Amino acid sequence: MSEIKVIITGTPGAGKTTAIAAISEVPPVRTDTATTDELADVKSETTVAMDFGELTLEDGQKVFLYGTPGQQRFEFMWKILVQGGLGLIVLVDCTRADPIADMGMYLDNFADFVAETGAVIGLVKRDVNDTPAVDDFYQALSQRGLMFPVLEVDVREQGDVSLMIEALVSLLEFA
Amino acid sequence: MSQVRISESGAQFCQSVFDDMMSQCDAVYGVLISTVDGHDVVRSFKQDMPAPKLAAMMSSVLALGETIAVEADQQQCRYVIVENSNGYILTLRLKEKLVLSVIARANANLGMLHSISRSAVEKLDEKLR
Ligand SMILES: Nc1nc2c(ncn2[C@@H]2O[C@H](COP(=O)(O)OP(=O)(O)OP(=O)(O)O)[C@@H](O)[C@H]2O)c(=O)[nH]1
Ligand SMILES: [Mg+2]
């Protein structure tokens with residue numbers, strides 16, 4: 001196992017592209033194009049195919065990172081991108097109306113993949129009031145019969161992104 | 001909902017361009033205009049195909065084509081072509097935020113498809129805002 005593939009998903013604007021750009025050792029591959037729908041109020045570009053980046057862990061392990069598009073209309077890309085993957089990182093944008101439901105939506109859509117592998121939940125944009133406590137996410141996971149790490153992260157920080165990847169790798173090593 | 005909306009007269013103009021394409025090359029059985037971020041805008045299909053899904057897929061394929069070109073040190077991706085045992089799918093950019101896709105049976109001539117797609121883009125480019 002000298003190369004592993006990790007997939008990052010989550011709602012549009014959660015920070016998948018930002019996370020990969022923050023950590024990749026090579027210039028990341030991006031497929032962002034202009035937003036033409038209501039998302040344009042939030043951001044001018046959105047990923048329509050994939051993001052790609054590479055990094056090397058301390059033990060020499062090579063990690064290939066794939067970011068998905070966030071919108072459900074790109075679910076065909078989700079199916080393509082998980083092939084051969086080791087695990088999933090779900091970024092949950094805590095500024096949105098119902099972050100726990102957002103997490104559930106991605107866990108449902110990636111259910112087969114997650115059942116075979118595992119996932120780490122990254123809570124992003126926590127610098128906002130009235131957002132569910134970390135425990136609420138653990139509770140929602142356990143109601144689904146899932147035990148995955150939930151981390152509060154700033155995806156603009158390389159160290160935070162690497163924390164999620166390390167959590168995923170160790171979750172799967174000891175699974 | 002897509003915010004890119006075409007006026008009624010604009011949609012009629014698109015339909016007339018699509019009709020011309022289909023009469024110039026009767027192997028063409030689908031023409032679709034969608035947005036770069038994958039929303040279906042206007043289409044003419046001679047057979048049933050899932051326009052919303054195709055619109056999303058066309059935006060992915062075009063974005064990947066353009067990205068692969070850059071990685072391979074090539075510039076200005078003109079078309080992405082998917083060539084299959086029984087047909088062709090040709091995708092190209094239209095204005096800044098739109099995508100034109102042409103779907104044809106295998107009896108189409110690829111050179112012909114190129115030329116009718118190019119000239120459609122020129123016509124649409126002039127007319128659409
Ligand atoms: N204020 C704040 N902004 C953040 C934080 N984390 C990420 N962002 C910003 O949120 C935005 C995330 O955008 P992207 O990385 O394009 O999001 P994405 O998940 O790739 O989105 P799609 O490709 O549209 O699905 C960027 O502008 C980041 O700078 C945070 O913790 N606080
Ligand atoms: Mg993105």
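The table below lists the values:
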| read-out | value |
| --- | --- |
| Single residue of region B:1-55 satisfying the filter (without any contact (Cβ under 8 Å) to a residue 12 or more places away in the chain and within 23 Å of B:His114 (Cβ to Cβ)) that is nearest to the other protein chains (Cβ to nearest Cβ) | B:Ser16 |
| Residue within region A:124-142 that is part of a helix (DSSP H, G or I), crowded, with 19+ Cβ neighbours inside 10 Å, more than 15 Å from the chain's Cα centre (by Cα) and among the small types (Gly, Ala, Ser) present | yes |
| Test: residue in region A:48-61 that is at the interface with chain B (Cβ under 8 Å from one of its Cβ atoms) and aromatic (Phe, Trp, Tyr) | no |
| Condition met for A:Leu171 (in contact with a Pro (Cβ under 9 Å, 6 or more places away or on another chain), under 25 Å from A:Asp59 (Cα atoms), open to solvent by 20 Å² or more (accessible area, probe 1.4 Å) and in a helix (DSSP H, G or I)) | yes |
| Criterion: at pLDDT 95 or above, in contact with a strand residue (DSSP E or B) (Cβ under 8 Å, 6 or more places away or on another chain) and open to solvent by 10 Å² or more (accessible area, probe 1.4 Å) - qualifying residue of B:Leu54, B:Leu113 | B:Leu54 |
| Any hit, region A:72-93, residues being within 11 Å of ligand 1 (Cβ to nearest atom), open to solvent by 20 Å² or more (accessible area, probe 1.4 Å) and outside any helix (DSSP H, G or I) | no |
| Any hit, region A:61-78, residues being among the polar types (S, T, N, Q), more than 16 Å from ligand 2 (Cβ to nearest atom) and out of contact with any strand residue (DSSP E or B) (no Cβ under 8 Å at 6 or more places or on another chain) | no |
| Filter result (farther than 23 Å from B:Ile6 by Cβ, more than 15 Å from the chain's Cα centre (by Cα) and assigned to a loop (DSSP other than H, G, I, E, B)) within region B:48-83 | B:Ala72, B:Asp73, B:Gln74, B:Gln75, B:Gln76 |
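Conditions tested, residue by residue: (1) part of a strand (DSSP E or B); (2) open to solvent by less than 30 Å² (accessible area, probe 1.4 Å); (3) within 7 Å of ligand 1 (Cβ to nearest atom); (4) among the aliphatic types (A, V, I, L, M).
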position: A:Ile8; (1), (2), (3), (4): yes, yes, no, yes
position: A:Ala14; (1), (2), (3), (4): no, yes, yes, yes
position: A:Thr18; (1), (2), (3), (4): no, no, yes, no
position: A:Leu39; (1), (2), (3), (4): no, yes, yes, yes
position: A:Thr46; (1), (2), (3), (4): yes, yes, yes, no
position: A:Gly53; (1), (2), (3), (4): yes, yes, no, no
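The values are calculated or read from the model by the stated rules, or taken from the named source; none is laboratory data. Keep in mind the model is a prediction, meaning the values are calculated, not measured. Here the Cβ is made from the backbone with ideal geometry for all residues, glycine too, and neighbour counts use every protein chain on show. With ligands, DNA and RNA removed, areas are computed over all heavy atoms of the protein, side chains included. Shrake-Rupley method; radii C 1.70, N 1.55, O 1.52, S 1.80 Å.
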